[in-house]
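Working notes for the structure below.
The values are calculated or read from the model by the stated rules, or taken from the named source; none is laboratory data. Note that this is a predicted model, so its numbers are computed, not measured. Note that each Cβ is placed from the backbone with ideal geometry, even for glycine, and that neighbours are counted across all protein chains shown.
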Amino acid sequence: MVSLRGFLDEESLTTYVSGIKKFPMLGKDEEFELATKWKEKGDKRAMEKLIASHLRLVVKVANGYSGYGMSKADLIAEGNLGVMHAIQHFDPNMGYRFSTYAIWWVKSKILDFIYGHWSIVKLSPSKSHRKLFFGLKKVKNMLGLDLISEENADIVANKMNVSAKDVLTLETRFTHKDFSTNTTLGNDEKSSWQDFLAETNDSQESSILEKQEFEYRRKVLHNALNTLSKKEYDIVCSYRLHSPTKTLREIGEKMNISAERVRQIEKNAFLKIQKYVRSIEWKAATSKNYQKFTIAIF
């Protein structure tokens with residue numbers, strides 16, 4: 001018997017299809033006999049013969065879903081799993097043929113595979129989205145539409161009993177199929193799309209420099225604040241550095257002084273901080289850092 005899972009290589013698919021044609025179609029009586037042997041006695045040879053005779057049915061069903069961009073070999077493999085599942089639950093005494101029962105499972109397995117693997121980004125698991133996914137092309141053909149726009153999305157949505165937003169979203173997914181960034185560019189096997197993606201994150205060197213500059217600014221500010229009196233320190237921190245900051249009136253009420261007096265003290269304290277920073281930056285001959293520092297802090 002031809003292996004059910006050993007033909008996933010596309011190159012061997014033709015050989016597989018030719019091989020399963022060697023298995024004869026079963027008559028109703030022979031099918032009933034084999035199914036009964038498997039059901040009542042667990043006869044594995046009977047099961048294998050029954051499955052083999054329906055592999056052509058799987059290929060036929062898989063061919064009907066070739067328009068979704070899936071590998072035909074994968075679709076057939078999933079369909080074969082459907083046949084194997086069906087044989088476990090088929091009751092020959094129900095009076096209908098095995099193909100009638102099995103085809104439901106074959107389609108179910110194939111549709112589940114397509115819906116689960118069609119896109120890198122998973123589709124919604126809801127029944128309405130699944131119905132839309134498999135029915136959209138049919139409705140478009142029925143209405144004679146090549147593309148769905150905002151103008152005709154409502155017509156399609158009403159036909160399928162879904163929202164126009166969902167219709168437009170799926171239409172976009174169909175017309176802009178995603179792909180791996182590892183995909184090669186044309187015939188150049190050495191270059192891929194990811195080679196041309198810009199790095200949006202800062203380099204390690206930039207991150208280190210930014211961290212060092214931040215630590216430097218914090219140290220300078222700390223030293224500058226230490227040059228202030230206790231009252232000046234409290235006012236500057238409350239007015240400029242704390243979160244949330246306080247108004248001049250709120251600070252004055254807390255210190256039992258007027259808001260105008262608070263403003264004067266804060267202004268003088270700020271001038272002291274500026275003077276200290278200028279002296280530090282002058283010594284370091286980096287006035288550019290001073291400008292950055294004062295703008296960032298104040």
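Before moving on, here are some points about what is shown:
- Candidates Leu57, Leu111 - the one that is in a helix (DSSP H, G or I), in contact with a Gly (Cβ under 9 Å, 6 or more places away or on another chain) and touching a residue at least 24 places away in the same chain (Cβ under 8 Å): Leu57
- Considering Ile297, Ile257, the condition of being β-branched (Val, Ile, Thr), surrounded by 15 or more Cβ atoms within 10 Å (Cβ to Cβ) and at pLDDT 85 or above is satisfied by Ile257 alone.
- Gly144 modelled with pLDDT under 90, surrounded by fewer than 14 Cβ atoms within 10 Å (Cβ to Cβ) and at positive phi: yes
- When residues of segment 41-56 are limited to those that are more than 10 Å from Lys21 (Cα to Cα) and of a type in the set (Gly, Ala, Ser), the one surrounded by the most Cβ atoms within 10 Å (Cβ to Cβ): Ala46
- Count of segment 135-160 residues which are outside any helix (DSSP H, G or I) and of a type in the set (D, E, K, R): 3
- Looking only at segment 73-107, and only at residues there that are without any contact (Cβ under 8 Å) to a residue 60 or more places away in the chain and of a type in the set (D, E, K, R), the one that is nearest to Lys22 (Cα to Cα): Glu78
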